[in-house]
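Peer 1: The structure under discussion is supplied below as structure tokens; questions concerning it will follow.
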Amino acid sequence: MEPSVDKSNYYSDTDEMISWFEKSAENAAAVQQQTLRRILELNHGVEYLKKWLGDTRLQDENAMESLYATMVPLASHVDFEPYIQRIVDGEKAPLLTQDPMKTWSLSSGTTDGRQKFVPFTHHSSQTTLQIFKLAAAYRSRIYPIREGGKVLEFIYSSKQYKTKGGLIAGTATTHYYASEEFKIKQQHTKSFTCSPEEVISSGDYKQSTYCHLLLGLYYCDEIEFVTSTFAYSIVQAFRSFEELWKELCHDIREGTLSSRINITKVQKAVLDIIVPNPELASRIESICEEVEREDWFSIIPKLWPNVKYVYTIMTGSMQPYLNKLRHYGGDLPLVSADYGSTESWIGVNVEPSSPPEKVTFAIIPTFSYFEFIPLHRSKSQSFNNSHKDANLLANDDFIEDEPVPLSQVKIGQEYEIVLTTFTGLYRYRLGDVVEVAGFHKKTPKLNFICRRKLILTVNIDKNTEQDLQLVVERGSRILISKSRAELVDFTSHANVSKRPGHYVIYWEIKGDVDENVLGECCREMDASFVDHGYVVSRKTNSIGPLELCIVERGTFKKILEHFIGNGAALSQFKTPRCTSNQNLLRILNVCTIKRFYSTAYG
């Protein structure tokens, strides 16, 4: 029997949906025990679990969590790869799940430069539907929308392909947009995407974006909110809009479709919808002419007068796009979308009016079994041996304690999330660092901190993605205050090819900037790293001066196209904030037009 979400949990009624979750949250500890028992019962006897549990059935609910944690080790993706490869190659034996796996998701590959296979089952589609409905229920309490309204969704599928064993592989978003659950979601949330399936699945993100914009404008008075998986996709779409608006207006006026669109099925699907509308085209043109003079400030509410909010993932590596999103959105609320990964959905935003910088996510205890590795930062950990017996990762970024179940987490403590899923991952280290910000009933509310692997380090220094973002923010404040320029995007690299090693930060800028200002930005960023290991190393010159590289316009688009060319979809793309990927570094270094070195430490 395929593991599935209990169908009784699907409610079209908003209050009932919320009521179901509140009850689960109130009994989170017991629900987690039931979730673990159900996963182990469904997959009893699979090869991976047999290796650790033998034929033992963990049935005593009071002792089950501790026995499971004692007998089954923590694991990362590399531990599952031999089993995954056998399934992908066509082996039929129950290796990770009793239910045969027919579909595989590909991770984006933006973290470590390679895409990983992750199981995707009917359960994955169902939990996606459930979290979307639950999130919509909470949003509708604060930002009610009209039933039957349309949504401007910048969503993109990529190609699915068959593995050697005849199984389907593609991105998780591609599988979801092709599923029955995606259609059900629109019915249940009573809001309908304005783009047909042919546009979503075109496989060419530029053609899809053009059509999303065109149909969004065509239905402009019916659009209730603007959304995408990641904030990046919305910013990318409106940067394109700045260049395309005249062409879009022409198509609306004439009822035609730009020659940019050359995929037959997309042409037909769009032309079946639009008819000439000169009056609408003139209205859009006059708005664009006015807003262009104001650098496109507030373009979204001006073109879409009935939009209630912008809804997308804005945490982690998406945070740098918030300023631009606010610029395009004017006074519209920015509502942070929910917390998940390719492996599992994790938490829902139960307070949609919270600003994105303060958003927390309440864990849904029925989706997976969750454990939490307590993480401790220590300024002195690199300088003495007092923790030499502690369980340290190879890159020493945190000191770890033993994992604890959901019921034992503490407010204010940072953790790495560990997942046991219905889809065959057991005590899987997700690599996400979160902080427990509080509780919703008795389920933890998490604040996403950063990806654990994305660490800038040369020797004893340790700077996370969050540390880097704070530093770049300090530097970009100087850029904005002393010039009429804007930071388009950035990434970084720890260059250890020469001694002493040093940090390199790559900036793409829109606008002209005096070289003295860029030198000041570089100095400010170098001086803003507060990690003790970095400061000491800079003072003793065991880390060299920070290097700021200015890349030509369009460089980060080339990086996007590199990832998409390797099978990623725009809807899952995240600019890597720290990279050692040689292909990316080649693009960045070829496109570097200016270099500055910090004088912060003399």
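Peer 1: Checking the condition at pLDDT below 85 and either within 30 Å of GLY203 (Cβ to Cβ) or in contact with a Gly (Cβ under 8 Å, 6 or more places away or on another chain) (or both), which residue from GLU561, GLU524, GLU552 passes?
Peer 2: Of GLU561, GLU524, GLU552, the one residue that is at pLDDT below 85 and either within 30 Å of GLY203 (Cβ to Cβ) or in contact with a Gly (Cβ under 8 Å, 6 or more places away or on another chain) (or both) is GLU561.
Peer 1: Which numbered condition in (1) in contact with a helix residue (DSSP H, G or I) (Cβ under 9 Å, 6 or more places away or on another chain); (2) more than 19 Å from SER368 (Cβ to Cβ); (3) not in a strand (DSSP E or B) is the only one that ARG326 fails?
Peer 2: The single condition ARG326 does not satisfy is (1).
Peer 1: Looking at (1) farther than 27 Å from GLU147 by Cβ; (2) touching an Asp or Glu at 6+ places or on another chain (Cβ under 6 Å), which one does VAL348 not meet, given that it meets all the others?
Peer 2: Exception for VAL348: condition (1).
Peer 1: Sticking with this structure for a sec: Can you give me the number of residues within region 95-112 that are in contact with a helix residue (DSSP H, G or I) (Cβ under 7 Å, 6 or more places away or on another chain) and either at pLDDT 75 or above or more than 29 Å from GLY565 (Cβ to Cβ) (or both)?
Peer 2: Residues that pass the stated criteria total 5.
Peer 1: Which of the following residues is open to solvent by less than 30 Å² (accessible area, probe 1.4 Å), among the aromatic types (Phe, Trp, Tyr), out of contact with any helix residue (DSSP H, G or I) (no Cβ under 6 Å at 6 or more places or on another chain) and in contact (Cβ under 8 Å) with a residue 24 or more places away in the chain: TYR219, TYR210?
Peer 2: When all the criteria are applied, what remains is TYR210.
Peer 1: A further question follows. Return yes or no: is LYS453 basic (Lys, Arg), without any contact (Cβ under 8 Å) to a residue 60 or more places away in the chain and open to solvent by 40 Å² or more (accessible area, probe 1.4 Å)?
Peer 2: Considered against the rule, which asks whether it is basic (Lys, Arg), without any contact (Cβ under 8 Å) to a residue 60 or more places away in the chain and open to solvent by 40 Å² or more (accessible area, probe 1.4 Å), LYS453 comes out as no.
Peer 1: Which ones in region 422-458 are part of a loop (DSSP other than H, G, I, E, B), within 30 Å of ILE505 (Cα to Cα) and not polar (S, T, N, Q)?
Peer 2: The answer is ARG452, LYS453, LEU454, ILE455, VAL458.
Peer 1: Take ARG141 and tell me if it is in a loop (DSSP other than H, G, I, E, B) and either touching a helix residue (DSSP H, G or I) at 6+ places or on another chain (Cβ under 9 Å) or free of Cβ contacts under 8 Å to residues at least 60 places away in the same chain (or both).
Peer 2: Judged against the criteria, ARG141 is not a match.
Peer 1: Then there's this: Can you pull out every residue in region 329-348 that is among the β-branched types (Val, Ile, Thr) and in a loop (DSSP other than H, G, I, E, B)?
Peer 2: Once the filter is applied, which keeps residues that are among the β-branched types (Val, Ile, Thr) and in a loop (DSSP other than H, G, I, E, B), region 329-348 yields only THR342.
Peer 1: With respect to SER317, determine if the residue is over 14 Å from PHE225 (Cα atoms), of a type outside the set (D, E, K, R), surrounded by fewer than 19 Cβ atoms within 10 Å (Cβ to Cβ) and modelled with pLDDT under 95.
Peer 2: no
Peer 1: Hey, among the residues in region 144-182 that are outside any helix (DSSP H, G or I) and among the acidic types (Asp, Glu), which one's modelled with the lowest pLDDT?
Peer 2: GLU147
Peer 1: Same structure, new question: Of the conditions (1) more than 23 Å from GLY347 (Cβ to Cβ); (2) touching a residue at least 40 places away in the same chain (Cβ under 8 Å), GLY54 satisfies every one except a single condition; which number is it?
Peer 2: With (1) more than 23 Å from GLY347 (Cβ to Cβ); (2) touching a residue at least 40 places away in the same chain (Cβ under 8 Å) applied to GLY54, the lone miss is (2).
Peer 1: What are the residues in region 569-580 that are at pLDDT 80 or above, of a type outside the set (D, E, K, R) and surrounded by 22 or more Cβ atoms within 10 Å (Cβ to Cβ), if any?
Peer 2: Within region 569-580, PRO576, CYS578, THR579 qualify.
Peer 1: Can you name the residue in region 441-450 that is at pLDDT 85 or above and touching a helix residue (DSSP H, G or I) at 6+ places or on another chain (Cβ under 9 Å) and is also surrounded by the fewest Cβ atoms within 10 Å (Cβ to Cβ) among such residues?
Peer 2: LYS441
Peer 1: With respect to ILE223, is the statement that it is among the hydrophobic types (A, V, I, L, M, F, W, C) and in contact with a Ser or Thr (Cβ under 6 Å, 6 or more places away or on another chain) true?
Peer 2: Spelling it out, it is not the case that ILE223 is among the hydrophobic types (A, V, I, L, M, F, W, C) and in contact with a Ser or Thr (Cβ under 6 Å, 6 or more places away or on another chain).
Peer 1: Among what's in region 325-349 and is within 19 Å of the chain's Cα centre (by Cα) and of a type in the set (A, V, I, L, M), pick the residue that is surrounded by the fewest Cβ atoms within 10 Å (Cβ to Cβ).
Peer 2: Looking at residues that are within 19 Å of the chain's Cα centre (by Cα) and of a type in the set (A, V, I, L, M), I get LEU334.
Peer 1: Let me ask something additional. Among the residues of region 125-143, which ones are surrounded by fewer than 19 Cβ atoms within 10 Å (Cβ to Cβ) and modelled with pLDDT under 90?
Peer 2: SER140, ARG141
Peer 1: Which ranges mark the helices (runs of 4 or more DSSP H) fully within region 12-76 that have 1 or more residues being open to solvent by 80 Å² or more (accessible area, probe 1.4 Å) and over 29 Å from PHE132 (Cα atoms)?
Peer 2: Those helices (runs of 4 or more DSSP H) span 47-53, 61-71.
Peer 1: So how many residues does region 20-51 have that are free of Cβ contacts under 8 Å to residues at least 40 places away in the same chain, touching a helix residue (DSSP H, G or I) at 6+ places or on another chain (Cβ under 9 Å) and under 21 Å from PRO73 (Cβ atoms)?
Peer 2: Looking only at that region, the number is 3.
Peer 1: I want to confirm something. Restricting to region 222-262 and keeping residues that are open to solvent by 40 Å² or more (accessible area, probe 1.4 Å) and assigned to a loop (DSSP other than H, G, I, E, B), which single residue is farthest from ALA135 (Cα to Cα)?
Peer 2: SER259
The values are calculated or read from the model by the stated rules, or taken from the named source; none is laboratory data. None of the values given here were measured: they were computed from a predicted structure. All Cβ positions, glycine included, derive from the backbone under ideal geometry; neighbour counts span all protein chains shown. Accessible surface areas use protein heavy atoms only, side chains included; no ligands, DNA or RNA. Shrake-Rupley method; radii C 1.70, N 1.55, O 1.52, S 1.80 Å.
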